[in-house]
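The values are calculated or read from the model by the stated rules, or taken from the named source; none is laboratory data. Worth saying up front: this structure is predicted, and the values here are computed from it rather than measured. Counting neighbours? That spans all protein chains shown, and the Cβs are built from the backbone with ideal geometry, glycine included.
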Amino acid sequence: MSASRRGADWLVQDTSPADVFTPERLSEEHRLIAKTAAEFVTNEVAPALAELEKKNWTVARHLVARAGELGLIGVDVPEDVGGIGLDKAAAVIVGEAVGEAASFATTFGAQTGLAIIPILCFGTPAQQQQYLPRIVSGELIGAYCLSESGSGSDALAAHAKAVKQADGSWLLNGEKMWITNGGFADIFIVFAKVDGEHFSAFVVERGFPGVANGKEEHKMGLHGSSTTPVVLQDAKVPADNLLGEIGKGHKIAFNVLNYGRFKLAAMCTGGARGTIGEATQYALGRRQFGQPIATFGAIRHKLAEMSIRLYAVESMLFRTTGLIDQMIAAKPSEAPGGAQEGRVVAAALEEFALEASVLKVASSEMVDFVVDENVQIHGGNGFVADYPAERRYRDARVNRIFEGTNEINRLLIPGILIKRGTKGGLPLIAAAKAVRDELMTVAPPDVAGTGVLEAETRVAAALRKTVLVAVGLAMETWGESLQQEQEALMSLSDLMIEAFSAESATLRAAHLVASSSPAATLHVDAATVICHDAGLRAEAIARTLLGSMLTGDAQRTSLAGLRRVLKVPPSNTVAARRRIADAITAKRGYPFSQ
Ligand SMILES: Cc1cc2nc3c(=O)[nH]c(=O)nc-3n(C[C@H](O)[C@H](O)[C@H](O)COP(=O)(O)OP(=O)(O)OC[C@H]3O[C@@H](n4cnc5c(N)ncnc54)[C@H](O)[C@@H]3O)c2cc1C
């Protein structure tokens, strides 16, 4: 692979298939970890699910400890603080495996992302040595206390307060809401405002005076995961347990969210893969009108579409993972180990914050589609608790709410892009202008050839151009007040998701074609459907967006130019989906797994 890339630069710079990380490029070591994680989930987590759903937190604690013993919690944590010291790709494949058991995945996610990352990235060496080895081993259970009843999305408006005492310690007061692992965690990363003003973070132990959790919430799903309020009543926290700097808690909160969003995507892809397997098995076994329902075109279309949408998200996820790992590897590690590596990781996560938000939105919406179609394929059996389809449906819904709601993430995506374009060195304005000039010239139509993936590569490039022209126009039309134009920001995000998804899928398929993989034709089918449909959806989004910005001749000319650029060539996507459905039924599950 070539030198490391910057966040969001895929929009303004071409990418070679050879430079894109994909699931097919996982190493033997990665595959072994995936196997260990999958066996742990199948043999130990799945049989314990009923106990977890009864809120038997002793079992949850035991499973976390087992995950620690197997090295799964600290797979990407530096060795000197108890981890295995592997890359983020290893963490993604563990996340995917654990994602098959959504309740446990939530417990596990709070442990690995929400408790470890703040201490690893922002803790002092002493705090790291004090807490990380025991969290990584699963001896201590972690939780992350940011939300309050009055401040969820607007997390920085928290009311929890910290006041410094004469002896240097802190007195914390406040109530945190919806805290994952709240019922049995030992360590809480708590956000509170010093003197009611300066947003800061603290490592709080359950054993400190004044720390308690409230009752378990009665949730729609994730019944096997603990969610409680955490109450701090004159909680006495030692001076050394301030995490990072006073007033810089937002940096910790946002970086943790970047990691959480990226990891959530892995959990969603893992969950979707298991669901597709389950839907396929059911469709093959269930007979109606004298034949398995898996032979009906309507059901085959569903199975294919579920797999295609997963393929798109998986392609974006592994591409982003490769980018993050490349950036981490490229940093000179002056002092390898916890403190230094933590800061490098935080910087890489921040660099790819836009991609993390894209992944969060796309993966949570993909898995919701997949679990919904799974219920539909199960018919009446999908609606009753005897089959796992019902639980999967309920469990998936929260993914669109936590780690920043999808609306908040959709607001963030164009915001990050524009910031990079105006202050961060990304040549966004020049690229947008170049595309605008192209739209205004009556050039001969840019027709793709008929070679493998030529049309898809062209559509993916056209989608990037569509984003550029839309962002450029939006900046010109609304200037600073663009941040108030939420409908436009949602549309810009949707365009970016379509563009990143189409290009990532095409690059992945192109890599398989280039390496003469026997699976390449199926990957090409997936990329064809993804690009075709993304192009059509993007045209509708762009029309609505341009219609809200321009009038008269300017609107007509821009729309005509856009149509020229974004011309989606006709394609037999029905036949492509049928071939994918054949592969799904032959494999009895998601056909792109290794
Ligand atoms: C099962 C579960 C586990 C959780 N675990 C944790 C945890 O471990 N730690 C933790 O700190 N929190 C946790 N949370 C809390 C979660 O992060 C919040 O619920 C989430 O951030 C949304 O906040 P809210 O519920 O207050 O919704 P609100 O912020 O009130 O949002 C309500 C609606 O308004 C929209 N909205 C809000 N602001 C805007 C805006 N500016 N523009 C447009 N739309 C907007 C939202 O998108 C949403 O659709 C958990 C929640 C659940 C359900």
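Key figures for this structure:
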quantity: Those residues of the range 168-184 which are more than 23 Å from the chain's Cα centre (by Cα) and either touching a residue at least 60 places away in the same chain (Cβ under 8 Å) or under 13 Å from residue 242 (Cα atoms) (or both), in sequence order; calculated: 168, 169, 170, 171, 172, 173, 183, 184
quantity: Residue in the range 108-124 that is farther than 28 Å from residue 266 by Cβ, outside the structural domain of residue 220 (by TED's automatic domain parsing) and touching a helix residue (DSSP H, G or I) at 6+ places or on another chain (Cβ under 9 Å) present; calculated: yes
quantity: Complete set of residues in the range 177-213 that are assigned to a loop (DSSP other than H, G, I, E, B), hydrophobic (A, V, I, L, M, F, W, C) and within 15 Å of the ligand (Cβ to nearest atom); calculated: 184, 185
quantity: Test: residue 452 is in contact (Cβ under 8 Å) with a residue 60 or more places away in the chain and either within 25 Å of residue 524 (Cβ to Cβ) or not assigned by TED's automatic domain parsing to the domain that holds residue 560 (or both); calculated: yes
quantity: Considering residues of the range 502-520 that are farther than 18 Å from residue 579 by Cα and among the small types (Gly, Ala, Ser) only, the residue farthest from the chain's Cα centre (by Cα); calculated: 516
quantity: Which listed residue is at pLDDT below 95, within 29 Å of residue 491 (Cβ to Cβ) and among the charged types (D, E, K, R), from 373, 407, 365, 403; calculated: 403
quantity: Counted residues, the range 136-171 - those being crowded, with 20+ Cβ neighbours inside 10 Å and more than 15 Å from the ligand (Cβ to nearest atom); calculated: 5
quantity: Of all residues in the range 214-240 being more than 12 Å from the ligand (Cβ to nearest atom) and crowded, with 22+ Cβ neighbours inside 10 Å, the one that is nearest to the chain's Cα centre (by Cα); calculated: 232
quantity: In the range 371-406, the residues that are aliphatic (A, V, I, L, M), more than 14 Å from the ligand (Cβ to nearest atom) and part of a helix (DSSP H, G or I); calculated: 371, 375, 377, 389
quantity: Residue 279 vs. criteria at pLDDT 95 or above, under 21 Å from residue 115 (Cβ atoms) and more than 16 Å from the ligand (Cβ to nearest atom); calculated: no
quantity: Test: residue in the range 530-543 that is surrounded by fewer than 24 Cβ atoms within 10 Å (Cβ to Cβ), in contact (Cβ under 8 Å) with a residue 12 or more places away in the chain and of a type in the set (A, V, I, L, M, F, W, C); calculated: yes
quantity: Top-ranked residue in the range 544-594 [being among the polar types (S, T, N, Q) and free of Cβ contacts under 8 Å to residues at least 60 places away in the same chain; ranked as surrounded by the most Cβ atoms within 10 Å (Cβ to Cβ)]; calculated: 573
